[in-house]
Amino acid sequence: MIETAIFGAGCFWCVEGVYNLLQGVKLATSGYSGGTTENPTYKEVCTGETNHAEVVKIDFDPSVISYDELLEAFWTVHDPTSLNRQGEDVGTQYRSVIYYLNEEQKAKAEAAKAKLDASGYYDKPIVTMIEPFDVFYPAEDYHQGYYNENPNQPYCSGVVGPKIQKFRAKFADKLK
């Protein structure tokens, strides 16, 4: 049985790139959630006026990788203390957000956030929002697998690549 998780952690090129590396992840798809415009385009989302977040829809096999393990990856792939910003990417579309699909996901996300916040790992509070899932709109085709198709593009080589290398080192035992 395949389950789904929806996470927003800044630019979806970075997030999709790391989740597609993990054993048990069948497919990570870049897209948009949490906004008011139906079928938004990337150009519309970038204005910030649609209120969508760039997210990744993760279809996974829970017998291979758990939702808790996906959350662990989520916390390490971005800065959850940064409001509406990840590095040089600024705007509400880059917010840190977990969209839960059921009460179990909600409880696990809230518990993981509270544990990380209480750990003192960060010197600022975690601002990640935990919200009920409504709808997912896949991003345009050219965004899917963007890093793999464009590793030498300046943003990919300067931002995405280093994040993926760091992720590979930390999660080496969970990679495909």
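Close contacts from region 39-51, counting a first residue that is more than 18 Å from Q144 (Cα to Cα) and a second that is in a loop (DSSP other than H, G, I, E, B) and not charged (D, E, K, R), with Cβ to Cβ under 6 Å and a gap of 6+ residues or different chains, come to G48/G91; T50/G35; T50/T37; T50/P40; N51/G35; N51/T36.
A quick yes/no check of all residues on (1) touching a Gly at 6+ places or on another chain (Cβ under 6 Å); (2) at pLDDT below 95; (3) acidic (D, E):
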| position | (1), (2), (3) |
| --- | --- |
| I2 | no, no, no |
| Y19 | no, no, no |
| G24 | no, no, no |
| G48 | yes, yes, no |
| N51 | yes, no, no |
| V55 | yes, no, no |
| T81 | no, no, no |
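Of the residues in region 115-124, not one is under 15 Å from the mean Cα position of the chain (by Cα) and under 28 Å from K26 (Cα atoms). For region 2-32, which residues satisfy the criterion of being surrounded by fewer than 20 Cβ atoms within 10 Å (Cβ to Cβ), among the polar types (S, T, N, Q) and part of a strand (DSSP E or B)? Selection gives T4 alone.
Condition check ((1) at pLDDT below 95; (2) of a type in the set (A, V, I, L, M, F, W, C); (3) not in a helix (DSSP H, G or I)) across all residues:
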site: L70; (1), (2), (3): no, yes, no
site: Y99; (1), (2), (3): no, no, yes
site: E110; (1), (2), (3): no, no, no
site: K113; (1), (2), (3): no, no, no
site: Y137; (1), (2), (3): no, no, yes
site: P162; (1), (2), (3): yes, no, no
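In region 135-152, the residues that are under 11 Å from E54 (Cα atoms) form no Cβ pair under 6 Å with any partner that is in a helix (DSSP H, G or I), whether six or more places apart or across chains.
The values are calculated or read from the model by the stated rules, or taken from the named source; none is laboratory data. This is a predicted model, so every value here is computed, not measured. Quick reminder, even Gly has a Cβ in these numbers, built from the backbone with ideal geometry, and neighbours come from all protein chains shown.
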